[in-house]
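The values are calculated or read from the model by the stated rules, or taken from the named source; none is laboratory data. What you see is a predicted model; the values in this text were computed from it and never measured. Glycine also receives a Cβ, built like all others from the backbone with ideal geometry; neighbour counts cover every protein chain displayed.
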Amino acid sequence: MTRKLYVKTYGCQMNVYDSERMESALAAEGYATTETPEDADLILLNTCHIREKAAEKVYSELGRLKALKARAGVQIAVAGCVAQAEGAEMLARAPAVDVVVGPQAYHRLPKLAEAARRTGRAQLDTEFPEEDKFDHLPAAPKTRRAPAAFLTVQEGCDKFCAFCVVPYTRGAEVSRPVERLLREARDLVARGVVEITLLGQNVNAFHGAGPDGTEWGLGRLIRAFAGIEGLARIRYTTSHPNDMDDDLIAAHREIGQLMPYLHLPVQAGSDRVLKAMNRKHSAAGYLRLIERIRAARPDIALSGDFIVGFPGETEADFRETLALVRETGYAQAYSFKYSPRPGTPAAGAEQVPEDEKADRLARLQALLSEQQAAFNAAQLGRRLPVLVEKPGRHAGQMVGRSPYLQAVHLEAAAEETGQILEVEITGAGPNSLAGRRA
Ligand code: SAH
Ligand code: SF4
Ligand code: F3S
C-alpha cells in the first residue's frame, strides 16, 4: 500500500539534508512524497530550536495541522532539534503528535511510525544510539535532480557557546568516515550533481577516519573530493574560527574547485562579550585569521553570524561589533537578537532590554546590508562562471549561483540546469545579480 508523506523542514541546511534522508528511508517503506499536508498519511516536521521564535513556529504549525487528523490513519511526526530538546514535554503539549524522534535516531523513524499505528500510542525516541544512523538510512531520493547537493560530514558540537542549544540537541562532535563520504559524493555526481556543500555544525572540526588509518582534517577531505571527476564545485559550512587550520586555509589557495566563499561566524566584536559567550577567541584573533585567509584567497567572499544584546552587552560593546564588521567587510551575513534558550548557561542572566536589542539589530543590519550591496555592485562588468540551478520567476529565465554564492538571474534554457556558464554581470541588486551569457 502506498502512503503519502508530507515533509516540512525548518532551521539549518543539516535539517534539509536529514529530511531527504528520512524521506528516502520512508520511500523504502512505500511512502511517496506529496507537496500538500491535506492528502498526507504521515506529516513530518523537521524542527529547529535555535531561537525561541523558531521553536514556537512548530507549535503554531501543529495547531493548524491537528484538524487534518480528523481523517482516519493520519499521523504527525516531529523530528529535529525541538523534538530532541523537548522530548516527552512535546507529547504533553501537543497530543496530536504521534512520533517524536531526535536527530540521532532518524533511522528508527519508519519503525516508530509503524509502532504508533499498531499500538495507537505515541512513540518517543531521543536517544543518542551507538550505531551510526547514516549506515541505516538510504541515500537521498534518486528522483531529485538538483545540480547542487548537501552532504553531512560532521555532526554535533563540543564548543558550548553560552547561548547555544546545538551541543544539547545534536550531541557531541562526530565525523563520518572518509571512504563513506567519498562513496556518497561519487553517487551524487553520478546522478548529475556538480556542486557539493560539506555540512557540519562545526564542519572544520572534521576529523574523520581516513582509508589509510589516520585521522583526516577537512582540508585533506576537500583535496580528496577535488579528485572526483565531474565534481566542479566544493563548499563547506559552518566553520568555527578556532578550527581554521593551516591546511584548510592552504586548500583555499590550491584547490580550484573550492569556491571562494567562507561562512565564519564571530558573533560579537567585544572581547568581554566573546569571553562571556565562551567563544574562546578574541576579536583581534578573528581579524588576524581573516587576514591569513585573504592572503590565501584574496577574492574570498566572507559571511558571518552575529548576536546582538547578549546578556551584559553594553552600547560600547556593541560598537565594537560594528567596528569589527567595518574592518572585515562582509559579502553577506546573518544577525539575530539574543534569544534565551532553556538549559543554556546564559539563559538565566539579566537580559538586555528588548528595545535596545531591536535598535542594535537595526543598526547592525543597516551596515551589513550596505556591505552586501557594495559587494554585489563590485561584480558589475565582471565575467563569472555561474552554475545554472533552477527556473527563475519569468519565462526563459533561470537562476544560478556565482562562485561567491550570489544568486544570478539570466536567460537560459531549463535544459542548461547543472551547466556552468560564463556570464557577464550586468545588474546588481541588494540580494542578487543579473547577467547575460558572455
Ligand atoms: N555551528 C554554527 C551555527 C550555529 S547556529 C556556528 O557555530 O556558527 C547559527 C547561528 O544562530 C549562530 O551562529 C548564532 O549566531 C545564532 N544563534 C545561536 N543561538 C542563538 C541564540 N540563543 N540567540 C540568538 N541567536 C543565536
Ligand atoms: Fe552553537 Fe557555538 Fe557550537 Fe556553533 S560553535 S553550534 S554557536 S555551541
Ligand atoms: Fe536549528 Fe538544530 Fe540546525 S537548532 S539551526 S536545526 S542544528
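Okay, residues lined up against (1) more than 16 Å from ligand 3 (Cβ to nearest atom); (2) more than 22 Å from the chain's Cα centre (by Cα); (3) acidic (Asp, Glu):
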site	(1), (2), (3)
Gly256	yes, yes, no
Met259	yes, no, no
Leu262	yes, no, no
Pro265	no, no, no
Met277	yes, no, no
Leu287	yes, yes, no
Arg294	yes, yes, no
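Filtering Glu195, Glu229, Glu184 for residues that are touching a helix residue (DSSP H, G or I) at 6+ places or on another chain (Cβ under 9 Å), crowded, with 18+ Cβ neighbours inside 10 Å and farther than 19 Å from Leu289 by Cα leaves a single hit, Glu184.
This table checks each residue for (1) modelled with pLDDT under 95; (2) of a type outside the set (Val, Ile, Thr); (3) closer than 18 Å to Phe150 by Cβ.
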residue: Leu188; (1), (2), (3): yes, yes, yes
residue: Val193; (1), (2), (3): no, no, yes
residue: Leu199; (1), (2), (3): no, yes, yes
residue: Val203; (1), (2), (3): no, no, yes
residue: His207; (1), (2), (3): no, yes, no
residue: Glu215; (1), (2), (3): no, yes, no
residue: Leu221; (1), (2), (3): no, yes, yes
residue: Gly227; (1), (2), (3): no, yes, no
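Residue count for segment 356-386, restricted to those that are surrounded by fewer than 18 Cβ atoms within 10 Å (Cβ to Cβ) and polar (S, T, N, Q): 2. Taking (1) at pLDDT 95 or above; (2) touching a Leu at 6+ places or on another chain (Cβ under 8 Å) in turn, Gln13 satisfies each apart from (1). For segment 166-176, the condition of being within 11 Å of ligand 2 (Cβ to nearest atom), in contact (Cβ under 8 Å) with a residue 24 or more places away in the chain, assigned by TED's automatic domain parsing to the domain that holds His207 and within 19 Å of Met22 (Cβ to Cβ) holds for at least one residue.
Of these, Glu56, Glu20, Glu61, which one is more than 17 Å from Gly102 (Cα to Cα) and either within 12 Å of ligand 3 (Cβ to nearest atom) or modelled with pLDDT under 95 (or both)?
Values: Glu20 fails: more than 17 Å from Gly102 (Cα to Cα); Glu61 fails: either within 12 Å of ligand 3 (Cβ to nearest atom) or modelled with pLDDT under 95 (or both).
That would be Glu56, the only listed residue that is more than 17 Å from Gly102 (Cα to Cα) and either within 12 Å of ligand 3 (Cβ to nearest atom) or modelled with pLDDT under 95 (or both).
Residue count for segment 59-88 under the criterion of being surrounded by 11 or more Cβ atoms within 10 Å (Cβ to Cβ), more than 16 Å from ligand 2 (Cβ to nearest atom) and either of a type outside the set (A, V, I, L, M, F, W, C) or closer than 14 Å to Ala122 by Cα (or both): the result is 16. Scanning segment 177-189 for residues that are more than 19 Å from the chain's Cα centre (by Cα) and either touching a residue at least 24 places away in the same chain (Cβ under 8 Å) or within 14 Å of ligand 1 (Cβ to nearest atom) (or both) yields Pro177, Val178, Glu179, Arg180, Leu182, Arg186, Asp187, Val189. Residues considered: Ile50, Ile43. Of these, the only one that is assigned by TED's automatic domain parsing to the domain that holds Ala116, at pLDDT 95 or above and part of a strand (DSSP E or B) is Ile43.
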